Amino acid sequence: MRHLLDPTDLTVEEVEFIINRALDIINNKDLYAHACEGKKLATLFYEPSTRTRLSFTAAMMELGGNVLGFSDARSSSVSKGETVADTIRVVSSFADIVAMRTTKEGAPRVASEYSRIPIINAGDGGHSHPTQTMTDLLTIRREIGRFDHLTIGLCGDLKYGRTVHSLIKAMNRYEGTHFVLISPEELRLPDYMKQELGENYIEVMTLEEAMPMVDVLYMTRVQQERFADQAEYERLKDAFILDEEKMTMAKKDMIVLHPLPRVNEITVGVDKDPRAAYFRQVENGKYVRMSLIYTLLQWREEEKCAQHEVALTDHLCQNDRCISVTEPVEKKAYVDAEGVLRCHYCDHKL
Ligand code: NCD
(Lines give C-alpha, C1' and ligand atoms only; values in the text may rest on other atoms or scores of the structure.)
Protein backbone atom coordinates (compact mmCIF):
# COMPACT_ATOMS: atom_id res chain seq x y z
CA MET A 1 0.00 0.00 0.00
CA ARG A 2 1.23 3.51 -0.79
CA HIS A 3 1.66 6.14 1.92
CA LEU A 4 3.06 9.69 1.73
CA LEU A 5 5.61 9.97 4.54
CA ASP A 6 8.38 11.81 2.75
CA PRO A 7 8.31 13.87 -0.48
CA THR A 8 10.59 11.35 -2.19
CA ASP A 9 8.03 8.58 -1.64
CA LEU A 10 6.69 10.00 -4.91
CA THR A 11 8.84 9.62 -8.02
CA VAL A 12 9.38 12.72 -10.18
CA GLU A 13 6.82 11.29 -12.62
CA GLU A 14 4.29 10.77 -9.83
CA VAL A 15 4.85 14.35 -8.59
CA GLU A 16 4.10 15.49 -12.13
CA PHE A 17 0.93 13.39 -12.16
CA ILE A 18 -0.30 14.81 -8.81
CA ILE A 19 0.47 18.40 -9.86
CA ASN A 20 -1.28 17.96 -13.21
CA ARG A 21 -4.30 16.43 -11.50
CA ALA A 22 -4.37 19.41 -9.08
CA LEU A 23 -4.34 21.78 -12.07
CA ASP A 24 -7.17 19.78 -13.63
CA ILE A 25 -9.16 20.03 -10.37
CA ILE A 26 -8.67 23.83 -10.37
CA ASN A 27 -10.07 24.03 -13.89
CA ASN A 28 -12.86 21.45 -13.53
CA LYS A 29 -14.02 21.56 -9.91
CA ASP A 30 -17.45 20.09 -10.67
CA LEU A 31 -15.93 16.96 -12.20
CA TYR A 32 -14.33 16.08 -8.85
CA ALA A 33 -17.22 17.02 -6.54
CA HIS A 34 -18.15 13.33 -5.99
CA ALA A 35 -14.72 11.73 -6.52
CA CYS A 36 -14.43 10.51 -2.89
CA GLU A 37 -18.09 10.07 -2.07
CA GLY A 38 -18.57 7.50 0.70
CA LYS A 39 -14.92 7.76 1.80
CA LYS A 40 -13.67 9.06 5.15
CA LEU A 41 -10.50 10.96 5.97
CA ALA A 42 -9.26 10.77 9.59
CA THR A 43 -7.28 13.84 10.64
CA LEU A 44 -5.10 12.88 13.62
CA PHE A 45 -3.45 16.10 14.76
CA TYR A 46 -1.29 15.68 17.87
CA GLU A 47 0.22 19.15 17.34
CA PRO A 48 -1.40 22.56 16.74
CA SER A 49 -2.37 23.43 13.19
CA THR A 50 -4.74 25.80 11.50
CA ARG A 51 -4.20 25.76 7.81
CA THR A 52 -2.96 22.23 7.26
CA ARG A 53 -5.86 20.58 9.11
CA LEU A 54 -8.48 22.90 7.62
CA SER A 55 -6.92 22.48 4.20
CA PHE A 56 -7.18 18.67 4.46
CA THR A 57 -10.76 18.99 5.73
CA ALA A 58 -11.79 21.38 2.96
CA ALA A 59 -10.05 19.17 0.39
CA MET A 60 -11.95 16.03 1.44
CA MET A 61 -15.25 17.93 1.61
CA GLU A 62 -14.76 19.30 -1.91
CA LEU A 63 -14.18 15.73 -3.11
CA GLY A 64 -17.55 14.76 -1.64
CA GLY A 65 -16.03 12.75 1.24
CA ASN A 66 -16.34 12.97 5.03
CA VAL A 67 -13.87 13.87 7.74
CA LEU A 68 -13.43 12.67 11.34
CA GLY A 69 -10.60 13.00 13.83
CA PHE A 70 -9.09 15.13 16.57
CA SER A 71 -7.12 18.36 16.63
CA ASP A 72 -5.61 18.08 20.08
CA ALA A 73 -3.79 15.08 21.53
CA ARG A 74 -5.36 15.84 24.94
CA SER A 75 -8.77 14.94 23.58
CA SER A 76 -7.62 11.52 22.30
CA SER A 77 -6.50 8.31 24.02
CA VAL A 78 -2.91 9.40 23.51
CA SER A 79 -3.39 11.34 26.74
CA LYS A 80 -4.07 7.94 28.40
CA GLY A 81 -0.74 6.63 27.13
CA GLU A 82 -1.84 4.87 23.93
CA THR A 83 0.91 4.22 21.38
CA VAL A 84 0.76 5.43 17.77
CA ALA A 85 0.71 1.78 16.66
CA ASP A 86 -2.44 1.02 18.66
CA THR A 87 -4.17 4.28 17.68
CA ILE A 88 -3.64 3.56 14.02
CA ARG A 89 -4.86 -0.04 14.27
CA VAL A 90 -8.10 1.34 15.70
CA VAL A 91 -8.45 4.20 13.20
CA SER A 92 -7.93 1.74 10.30
CA SER A 93 -11.36 0.34 11.17
CA PHE A 94 -13.10 3.71 10.97
CA ALA A 95 -11.59 5.59 8.02
CA ASP A 96 -10.25 5.07 4.49
CA ILE A 97 -7.21 7.38 4.70
CA VAL A 98 -5.34 9.26 7.45
CA ALA A 99 -3.60 12.63 7.64
CA MET A 100 -1.49 12.83 10.79
CA ARG A 101 0.61 15.52 12.46
CA THR A 102 2.91 14.65 15.35
CA THR A 103 5.69 16.15 17.46
CA LYS A 104 7.57 12.85 17.33
CA GLU A 105 9.78 12.44 14.29
CA GLY A 106 9.09 9.24 12.37
CA ALA A 107 5.68 8.65 14.01
CA PRO A 108 3.86 8.57 10.62
CA ARG A 109 6.29 5.85 9.49
CA VAL A 110 5.48 3.78 12.56
CA ALA A 111 1.79 4.36 11.82
CA SER A 112 2.23 3.17 8.23
CA GLU A 113 3.66 -0.13 9.47
CA TYR A 114 0.54 -0.92 11.48
CA SER A 115 -2.06 0.66 9.22
CA ARG A 116 -4.54 -0.96 6.86
CA ILE A 117 -5.20 2.41 5.14
CA PRO A 118 -2.90 5.01 3.49
CA ILE A 119 -1.10 7.41 5.86
CA ILE A 120 -0.29 10.98 4.86
CA ASN A 121 2.35 12.72 6.96
CA ALA A 122 1.02 16.23 7.71
CA GLY A 123 4.24 17.17 9.55
CA ASP A 124 6.35 15.16 12.04
CA GLY A 125 8.41 17.28 14.43
CA GLY A 126 11.32 19.00 12.69
CA HIS A 127 11.61 16.15 10.19
CA SER A 128 9.32 16.23 7.16
CA HIS A 129 6.18 17.86 5.73
CA PRO A 130 5.52 16.39 2.27
CA THR A 131 2.06 17.90 1.63
CA GLN A 132 3.43 21.40 2.27
CA THR A 133 6.12 20.58 -0.29
CA MET A 134 3.51 19.53 -2.84
CA THR A 135 1.78 22.85 -2.11
CA ASP A 136 5.07 24.67 -2.72
CA LEU A 137 5.63 22.77 -5.97
CA LEU A 138 2.15 23.53 -7.30
CA THR A 139 2.74 27.20 -6.47
CA ILE A 140 6.12 27.23 -8.25
CA ARG A 141 4.50 25.53 -11.27
CA ARG A 142 1.65 28.05 -11.41
CA GLU A 143 3.81 31.11 -10.75
CA ILE A 144 7.04 30.30 -12.63
CA GLY A 145 6.04 27.41 -14.89
CA ARG A 146 8.98 25.04 -14.32
CA PHE A 147 10.97 23.17 -11.65
CA ASP A 148 14.37 23.04 -13.33
CA HIS A 149 17.20 25.61 -13.33
CA LEU A 150 15.89 27.55 -10.34
CA THR A 151 17.82 29.18 -7.52
CA ILE A 152 15.92 28.74 -4.28
CA GLY A 153 16.72 30.90 -1.26
CA LEU A 154 15.74 29.32 2.07
CA CYS A 155 15.66 31.76 4.94
CA GLY A 156 15.07 31.46 8.70
CA ASP A 157 14.96 28.29 10.77
CA LEU A 158 16.71 25.77 8.57
CA LYS A 159 17.51 23.52 11.52
CA TYR A 160 14.01 22.72 12.77
CA GLY A 161 11.98 23.79 9.72
CA ARG A 162 10.43 20.59 8.37
CA THR A 163 8.99 22.44 5.37
CA VAL A 164 12.54 23.42 4.38
CA HIS A 165 13.84 19.86 4.70
CA SER A 166 11.09 18.45 2.53
CA LEU A 167 11.32 21.18 -0.10
CA ILE A 168 15.07 20.61 -0.45
CA LYS A 169 14.59 16.88 -0.95
CA ALA A 170 11.94 17.44 -3.60
CA MET A 171 13.63 20.27 -5.53
CA ASN A 172 17.09 18.71 -5.48
CA ARG A 173 15.84 16.10 -7.97
CA TYR A 174 15.49 18.66 -10.78
CA GLU A 175 18.29 19.72 -13.08
CA GLY A 176 20.09 22.97 -12.37
CA THR A 177 18.61 23.56 -8.90
CA HIS A 178 20.77 25.69 -6.58
CA PHE A 179 20.07 26.56 -2.98
CA VAL A 180 21.06 29.71 -1.11
CA LEU A 181 20.86 29.07 2.64
CA ILE A 182 20.23 32.12 4.82
CA SER A 183 20.09 31.50 8.58
CA PRO A 184 21.75 32.38 11.86
CA GLU A 185 24.71 30.15 12.73
CA GLU A 186 22.60 28.35 15.38
CA LEU A 187 19.77 27.49 12.96
CA ARG A 188 21.79 26.16 10.04
CA LEU A 189 20.62 23.24 7.95
CA PRO A 190 21.47 19.89 9.66
CA ASP A 191 24.41 17.97 8.22
CA TYR A 192 22.27 15.08 7.04
CA MET A 193 20.35 17.55 4.84
CA LYS A 194 23.54 19.21 3.56
CA GLN A 195 24.70 15.79 2.43
CA GLU A 196 21.60 15.57 0.23
CA LEU A 197 22.67 18.78 -1.48
CA GLY A 198 26.26 17.84 -2.34
CA GLU A 199 27.75 20.89 -4.09
CA ASN A 200 24.41 22.48 -4.90
CA TYR A 201 24.32 25.14 -2.19
CA ILE A 202 25.96 28.22 -0.71
CA GLU A 203 25.46 29.71 2.75
CA VAL A 204 25.19 33.49 3.13
CA MET A 205 24.93 35.63 6.24
CA THR A 206 22.46 38.30 5.05
CA LEU A 207 19.24 38.51 3.08
CA GLU A 208 20.75 41.41 1.10
CA GLU A 209 23.39 39.05 -0.36
CA ALA A 210 20.76 36.51 -1.35
CA MET A 211 18.10 38.82 -2.83
CA PRO A 212 19.57 39.38 -6.33
CA MET A 213 20.30 35.66 -6.83
CA VAL A 214 17.03 33.92 -6.08
CA ASP A 215 14.09 32.90 -8.28
CA VAL A 216 12.17 31.64 -5.24
CA LEU A 217 12.63 33.04 -1.73
CA TYR A 218 11.25 30.63 0.88
CA MET A 219 10.83 32.49 4.17
CA THR A 220 10.21 30.54 7.38
CA ARG A 221 9.30 31.20 10.99
CA VAL A 222 11.75 30.41 13.79
CA GLN A 223 10.18 27.25 15.29
CA GLN A 224 9.67 28.36 18.89
CA GLU A 225 8.09 25.08 19.98
CA ARG A 226 11.23 23.08 19.15
CA PHE A 227 13.61 25.16 21.28
CA ALA A 228 14.68 23.69 24.63
CA ASP A 229 15.89 27.17 25.67
CA GLN A 230 13.31 29.97 25.21
CA ALA A 231 15.98 32.68 25.77
CA GLU A 232 17.76 31.33 22.70
CA TYR A 233 14.49 31.62 20.74
CA GLU A 234 14.04 35.26 21.84
CA ARG A 235 17.58 36.04 20.67
CA LEU A 236 17.12 34.46 17.23
CA LYS A 237 13.47 35.07 16.38
CA ASP A 238 13.94 38.32 14.47
CA ALA A 239 17.27 37.46 12.82
CA PHE A 240 15.94 37.93 9.26
CA ILE A 241 13.10 40.20 8.26
CA LEU A 242 12.01 40.63 4.66
CA ASP A 243 10.72 44.16 3.99
CA GLU A 244 9.88 46.35 1.01
CA GLU A 245 13.39 47.77 0.80
CA LYS A 246 14.95 44.31 0.47
CA MET A 247 12.36 43.43 -2.20
CA THR A 248 13.83 46.23 -4.40
CA MET A 249 17.05 44.18 -4.61
CA ALA A 250 15.28 41.09 -6.00
CA LYS A 251 14.65 39.91 -9.58
CA LYS A 252 11.49 41.29 -11.18
CA ASP A 253 10.04 37.82 -11.72
CA MET A 254 11.04 36.11 -8.48
CA ILE A 255 8.43 34.89 -5.99
CA VAL A 256 8.27 34.91 -2.19
CA LEU A 257 6.82 31.79 -0.53
CA HIS A 258 6.09 31.11 3.15
CA PRO A 259 4.36 28.00 4.56
CA LEU A 260 2.69 30.27 7.17
CA PRO A 261 2.01 31.11 9.95
CA ARG A 262 4.07 34.28 9.63
CA VAL A 263 5.33 35.91 12.81
CA ASN A 264 7.69 38.85 12.11
CA GLU A 265 9.80 37.55 9.27
CA ILE A 266 7.86 39.30 6.46
CA THR A 267 6.55 42.83 7.04
CA VAL A 268 2.91 43.38 5.98
CA GLY A 269 4.13 46.01 3.49
CA VAL A 270 5.48 43.16 1.32
CA ASP A 271 2.00 41.59 0.98
CA LYS A 272 0.92 43.97 -1.79
CA ASP A 273 3.99 43.21 -3.92
CA PRO A 274 2.78 40.96 -6.79
CA ARG A 275 5.79 38.71 -6.15
CA ALA A 276 4.45 37.86 -2.66
CA ALA A 277 2.83 34.49 -3.46
CA TYR A 278 2.24 33.15 0.07
CA PHE A 279 -1.50 33.67 0.23
CA ARG A 280 -1.96 32.19 -3.25
CA GLN A 281 0.18 29.29 -1.95
CA VAL A 282 -2.41 28.54 0.78
CA GLU A 283 -5.14 28.03 -1.80
CA ASN A 284 -2.91 25.76 -3.84
CA GLY A 285 -2.53 23.63 -0.69
CA LYS A 286 -6.17 22.66 -0.79
CA TYR A 287 -6.09 21.65 -4.47
CA VAL A 288 -2.91 19.62 -4.16
CA ARG A 289 -4.33 17.81 -1.10
CA MET A 290 -7.48 17.01 -3.11
CA SER A 291 -5.26 15.54 -5.78
CA LEU A 292 -3.22 13.56 -3.23
CA ILE A 293 -6.19 12.14 -1.30
CA TYR A 294 -7.97 11.10 -4.49
CA THR A 295 -4.83 9.56 -5.98
CA LEU A 296 -3.75 7.64 -2.86
CA LEU A 297 -7.25 6.18 -2.53
CA GLN A 298 -7.16 5.17 -6.19
CA TRP A 299 -3.72 3.62 -5.83
CA ARG A 300 -4.95 1.68 -2.84
CA GLU A 301 -7.74 0.25 -4.92
CA GLU A 302 -5.27 -0.63 -7.66
CA GLU A 303 -2.95 -2.07 -4.99
CA LYS A 304 -0.03 -0.17 -6.42
CA CYS A 305 3.13 -1.17 -4.54
CA ALA A 306 5.68 1.09 -2.88
CA GLN A 307 8.66 2.07 -5.04
CA HIS A 308 11.21 2.47 -2.30
CA GLU A 309 12.40 -0.53 -0.36
CA VAL A 310 15.18 0.01 2.15
CA ALA A 311 17.66 -2.34 3.78
CA LEU A 312 17.06 -2.48 7.53
CA THR A 313 19.18 -3.54 10.47
CA ASP A 314 18.85 -3.20 14.24
CA HIS A 315 19.89 0.14 15.72
CA LEU A 316 19.33 2.57 18.57
CA CYS A 317 18.56 6.14 17.49
CA GLN A 318 20.26 8.98 19.38
CA ASN A 319 17.72 11.64 18.32
CA ASP A 320 15.68 12.22 21.47
CA ARG A 321 12.79 13.57 19.38
CA CYS A 322 12.55 10.30 17.43
CA ILE A 323 9.47 8.10 17.92
CA SER A 324 11.70 5.00 18.26
CA VAL A 325 13.15 6.38 21.50
CA THR A 326 9.81 6.70 23.27
CA GLU A 327 7.66 3.95 21.79
CA PRO A 328 8.26 0.19 21.68
CA VAL A 329 8.79 -0.05 17.92
CA GLU A 330 11.12 -2.44 16.15
CA LYS A 331 14.54 -0.72 15.96
CA LYS A 332 15.40 -0.33 12.30
CA ALA A 333 17.90 1.46 10.10
CA TYR A 334 18.84 1.74 6.46
CA VAL A 335 21.91 2.55 4.43
CA ASP A 336 21.59 5.67 2.24
CA ALA A 337 23.09 6.30 -1.21
CA GLU A 338 26.33 7.59 0.41
CA GLY A 339 26.65 4.42 2.52
CA VAL A 340 25.62 6.19 5.74
CA LEU A 341 23.56 4.22 8.28
CA ARG A 342 20.41 6.19 9.14
CA CYS A 343 17.39 5.78 11.38
CA HIS A 344 14.46 4.25 9.51
CA TYR A 345 12.01 6.60 11.24
CA CYS A 346 13.65 10.05 11.46
CA ASP A 347 16.63 9.72 9.02
CA HIS A 348 19.20 10.79 11.60
CA LYS A 349 22.73 9.46 11.13
CA LEU A 350 23.55 6.60 13.52
C1 NCD B 1 4.36 24.84 8.77
C2 NCD B 1 4.51 23.63 9.67
O3 NCD B 1 3.60 23.26 10.37
O4 NCD B 1 5.59 23.06 9.63
N5 NCD B 1 3.05 25.29 8.66
C6 NCD B 1 2.20 24.69 7.81
O7 NCD B 1 2.05 23.49 7.77
N8 NCD B 1 1.58 25.47 6.93
C9 NCD B 1 5.31 25.91 9.09
C10 NCD B 1 5.39 26.45 10.49
O11 NCD B 1 4.67 26.02 11.38
O12 NCD B 1 6.22 27.34 10.69
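The values are calculated or read from the model by the stated rules, or taken from the named source; none is laboratory data. Just so it is clear, the model here is predicted, and its values are computed rather than measured. All Cβ positions, glycine included, derive from the backbone under ideal geometry; neighbour counts span all protein chains shown. With ligands, DNA and RNA removed, areas are computed over all heavy atoms of the protein, side chains included. Shrake-Rupley method; radii C 1.70, N 1.55, O 1.52, S 1.80 Å.
How big is the charge dipole of the chain about its Cα centre, in debye rounded to the nearest 20, if each Lys and Arg gets +1 on its Cβ and each Asp and Glu gets -1 on its Cβ?
For the chain, the charge dipole is close to 880 debye.
Provide the gained length on full extension for the span LEU312 to ALA33, in nm with one decimal, where the gain is 0.36 nm per separating residue minus the Cα-Cα distance.
96.3 nm
The range 56-135: which GluC sites (Glu not before Pro) are DSSP loop and have at most 16 other beta-carbon atoms within 10 angstrom?
Loop-located and lightly packed - GLU82.
Whenever you get a sec, compute what percent of the accessible area on the chain sits on carbon and sulfur atoms (1.4 Å probe).
Percent of accessible area from carbon and sulfur atoms in the chain: 49.
What are the ³J(HN,Hα) values, in whole Hz, obtained from phi via the Karplus relation 6.51 cos²θ - 1.76 cosθ + 1.60 with θ = phi - 60°, for each residue of the range 187-197 in sequence order, with x given for Gly and Pro?
10, 5, 4, x, 4, 5, 7, 4, 4, 4, 7
For THR103, what residues show an amide H to amide H distance below 5 Å, using hydrogens built from the backbone and excluding near sequence neighbours?
GLY125
Report, in deg cm²/dmol and to the nearest 500, the calculated mean residue ellipticity at 222 nm for the chain, where each DSSP H run with n ≥ 4 adds -39500 (n - 2.57) and the sum is divided by the residue count.
About -10000 deg cm²/dmol.
Using a 1.4 Å probe, what is the accessible area per residue for the chain, in Å²?
On the way: 14910 Å² over 350 residues.
That works out to 43 Å² per residue.
Between ASP336 and ASP273, how high is the FRET efficiency from 1/(1 + (r/R0)^6) when r is the Cβ-Cβ distance and R₀ = 35 Å? Nearest 0.05.
Step by step, r from the Cβ atoms, then E = 0.30.
To the nearest 0.05, what FRET efficiency results for ARG173 and SER93 with a Förster distance of 56 Å applied to their C-beta separation? Before the final figure, lay out the partial values.
Numbers: r = 37 Å, r/R0 = 0.65.
The calculated FRET efficiency here is 0.95.
How much accessible surface does ASP215 have with a 1.4 Å probe, in Å² rounded to 10?
Using a 1.4 Å probe on the heavy atoms, I get roughly 20 Å².
Taking 0.36 nm per residue of separation and subtracting the Cα-Cα distance, what length does fully extending MET205 through THR11 add? The partial results should precede the final answer.
Values: separation 194, 0.36 × 194 = 69.84 nm, distance 3.37 nm.
So the chain would gain 66.5 nm between MET205 and THR11.
Express the relative contact order of the chain as a whole percentage, based on alpha carbon pairs under 8 Å and six or more residues apart in sequence.
Contact order relative to length: 19 percent.
GluC sites (Glu not before Pro), restricted to the range 204-307: which are DSSP loop and have at most 10 other Cβ atoms within 10 Å?
Those that pass, being in a loop and sparsely packed, are GLU303.
In what sequence, largest accessible area first, do ARG300, ARG162 appear using a 1.4 Å probe?
ARG300, ARG162
Within the chain, what percent of beta bridges assigned by DSSP are antiparallel, to the nearest 5?
So the antiparallel bridges amount to about 15 percent of the total.
Give me the accessible area of SER166, 1.4 Å probe, in Å² rounded to the nearest 10.
Surface open to solvent at SER166 totals about 0 Å².
Using +1 at the Cβ of each Lys and Arg and -1 at the Cβ of each Asp and Glu in the chain, identify which of TYR32, MET1, GLY285 lies farthest towards the dipole's positive end.
Comparing the listed Cα positions along the dipole, TYR32 ranks first.
Keeping all protein chains in place and using 1.4 angstrom, which order do ASP124, ASP320 fall into by accessible surface area, from largest down?
ASP320, ASP124
Taking the simple approach of a point 7 Å from Cα along Cα-to-Cβ for both GLU283 and LEU68, what is their distance in nm?
For GLU283 paired with LEU68, the spin-label model returns 3.4 nm.
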